[in-house]
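Working notes, structure below.
Just so it is clear, none of the values below were taken in a lab; they were calculated from the coordinates. The structure presented is a predicted model; accordingly, all values stated were derived computationally and were not measured. Neighbour counts run over all protein chains shown; Cβ positions are idealised from the backbone, glycine included.
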Number of protein chains: 2
Amino acid sequence: MSKIIKKRNAVASKNLILRNATKLFSKKGYSSTSMEELASMCDLNKAMIFYYFDSKQGLYEAVIIEVLDEIYKHLAKENKSIDNPKQELSNFIKTFASFSDSHPYLPSLLLKELSDSGAKIPKTLFSHMKKLYTLFTNILKRGEEVGDFFDVVPMIIYFMIMGTLNLMVTTKNLRDMAHEMDGLDTCSTCDMDEISEYIDKKIQKLLKDK
Amino acid sequence: MSKIIKKRNAVASKNLILRNATKLFSKKGYSSTSMEELASMCDLNKAMIFYYFDSKQGLYEAVIIEVLDEIYKHLAKENKSIDNPKQELSNFIKTFASFSDSHPYLPSLLLKELSDSGAKIPKTLFSHMKKLYTLFTNILKRGEEVGDFFDVVPMIIYFMIMGTLNLMVTTKNLRDMAHEMDGLDTCSTCDMDEISEYIDKKIQKLLKDK
DNA sequence: TATATAATTAACTATCTAGTTAGTTAATTA
DNA sequence: TAATTAACTAACTAGATAGTTAATTATATA
């Protein structure tokens, strides 16, 4: 009988929307995500979404920028004050891998956005993406100068790492199924540490002198 | 005044729908693709889509299976009667790359499907995917037996190739932009031959003995 | 040429979705 | 405590979308 009185808390509500939106967008993609569903997931009225973020597109951009910021913070932190490109590259791969593992939806959201070729990506988003990529190319560049890395095409190496990790994370279920049903070797028992170590080893090898 | 009389041709109509659906689904994704738009693209009544393929989901599955078949045919053809795993791997990479290049939307559609982690992928689709992957693992397996390849985790190598190629193709526009605007080295002048040759070289290197 | 059938259409329904609005309640401040 | 503001809601609009249906037209065949 007694109606539950909810405390009002703008910050909490806004964060709640952002967190659930991140989950939904990355699980379902932009257009399959319903604002109605998001609202009920947050136990808030749908109008609150438009109250805090203006439009579905606006919410989406907020989500992506937060994601990029979070990834960048992780990577930049781990990468400070080391002056050994090989080690820095290992750190980059491992940090990105463990981040992907603990936030499986975030990197896939990122790559989805990257691949949306026709897209008119807003400036802020664009510059966030460049920051991440620049961090990476700097490691490779220093590695070349020091004589650690050879024959480097940074863009391709970057996508090798991001693409592989992302696919390994997002296909987990499918790989498990294929293994169970047909005994296929899909690396279904591999955990993320093994995977990232393997990728690291192989990338380091492919960058070594001829 | 005179109404244009259209010849009736079931096969042609069905194919037309399939072809345009492939374009639309891969450009816009599943849920952003409108059956109304598809119909008018084909210059057919929307009801024809449901007449030939039953439901949007059914059409989508038909599209994906056709894509997988086409890729598989390409790869299997190129791969016949060669008994040199290194060469076969090179062929696989180059064939997949040139296919991606000439049908930029198809591989991305495939990977999108793979990544839909929660998905209940229909059996036919699943078995088509396995066929492709099996073709690939067999090359690597023979390579190991012959002593050409070492320390192989086929699933990861597979995704390295597919993931990298796919990202390079789908990000073309974005990479061009980033290069023009900020002079970033995004491999924007690289053509697909250079890219696939580089990937081939690097993958071969990473599979070589320690 | 009459008939059956396959291909096609116009017009519809039911449902969903982003976004709005006018009004309500809780919290803050004067 | 009264007035103001910020957080919230219910009920709505307008447009889109997947899918249906009953009727129509072209084509092949008997």
Those trypsin sites (Lys or Arg not before Pro) from region A:55-161 that are DSSP loop and have at most 12 other Cβ neighbours within 10 Å turn out to be A:80, A:120
Which of B:41, B:155, B:181 moves the most in a Gaussian network model of chain B with Cα springs under 10 Å? B:181
Using a 7 Å Cα-to-Cβ projection, residue A:43 label spacings across copies, nm, ascending: 5.8
From the backbone phi of region A:30-38, what are the Karplus-calculated ³J(HN,Hα) couplings (6.51 cos²θ - 1.76 cosθ + 1.60, θ = phi - 60°) in whole Hz, Gly and Pro given as x? 4, 7, 7, 7, 9, 5, 5, 4, 4
Tell me the angle of helix A:192-207 to the major Cα principal axis of chain A, expressed in degrees between 0 and 90 and rounded to the nearest ten. 40 degrees
If the cut-off is a Cα-Cα distance under 12 Å, which aspartates and glutamates reach residue B:94, setting aside same-chain residues fewer than 8 apart in sequence? B:78, B:193, B:194, B:197, B:200
How far apart are the residue A:72 label points across copies, placing each 7 Å from Cα toward Cβ, in nm, shortest first? 4.4
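Under the definition of partner shielding as Cβ atoms of other protein chains within 10 Å of a residue Cβ, what is the mean value for peptide A:166-177? Walk me through the intermediate numbers first.
Values: counts 5, 11, 5, 2, 6, 7, 1, 5, 10, 4, 0, 2.
Mean partner-chain Cβ count within 10 Å for A:166-177: 5.
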In the structure displayed, which of B:86/B:205; B:28/B:73; B:77/B:202; A:73/A:131; B:14/B:77 lie more than 18 Å apart, Cα to Cα? B:28/B:73; B:77/B:202; B:14/B:77
Going toward the positive end of the dipole of chain A, with +1 on Lys and Arg Cβ and -1 on Asp and Glu Cβ, which of A:45, A:206, A:72 do you reach last? A:45
Using the beta-carbon distance between residue A:37 and residue B:197 and R0 = 60 Å, what value does 1/(1 + (r/R0)^6) give for FRET efficiency, to the nearest 0.05? 0.80
For region A:70-79, 3J(HN,Hα) per residue [Karplus equation, 6.51 cos²θ - 1.76 cosθ + 1.60, θ = phi - 60°, Hz, x = Gly/Pro]: 5, 4, 4, 4, 3, 5, 5, 4, 4, 9
Cβ-based charge dipole, chain B, positive-most Cα from B:33, B:169, B:133: B:33
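Please give the calculated 222 nm ellipticity per residue for chain A, where each DSSP H segment of at least 4 residues contributes -39500 (n - 2.57) and the sum is spread over every residue; nearest 500 deg cm²/dmol?
-24500 deg cm²/dmol
For A:128-135, what's the mean count of beta carbons from other chains sitting within 10 Å of each residue's beta carbon?
Shielding by partners across A:128-135 averages 2.
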If the cut-off is a Cα-Cα distance under 28 Å, which lysines reach residue B:7, setting aside same-chain residues fewer than 8 apart in sequence? B:23, B:46, B:56
Just to confirm my understanding: which cysteines in chain B have no other cysteine beta carbon less than 4.7 Å from their beta carbon? B:42
In chain B, taking the dipole from +1 charges on Lys and Arg beta carbons and -1 charges on Asp and Glu beta carbons about the Cα centre, the listed residue (B:181, B:110, B:22) farthest towards the positive end is B:22
Inter-copy spacing of residue B:83 label points, which lie 7 Å from Cα along Cα→Cβ, given in nm from shortest upward: 5.7
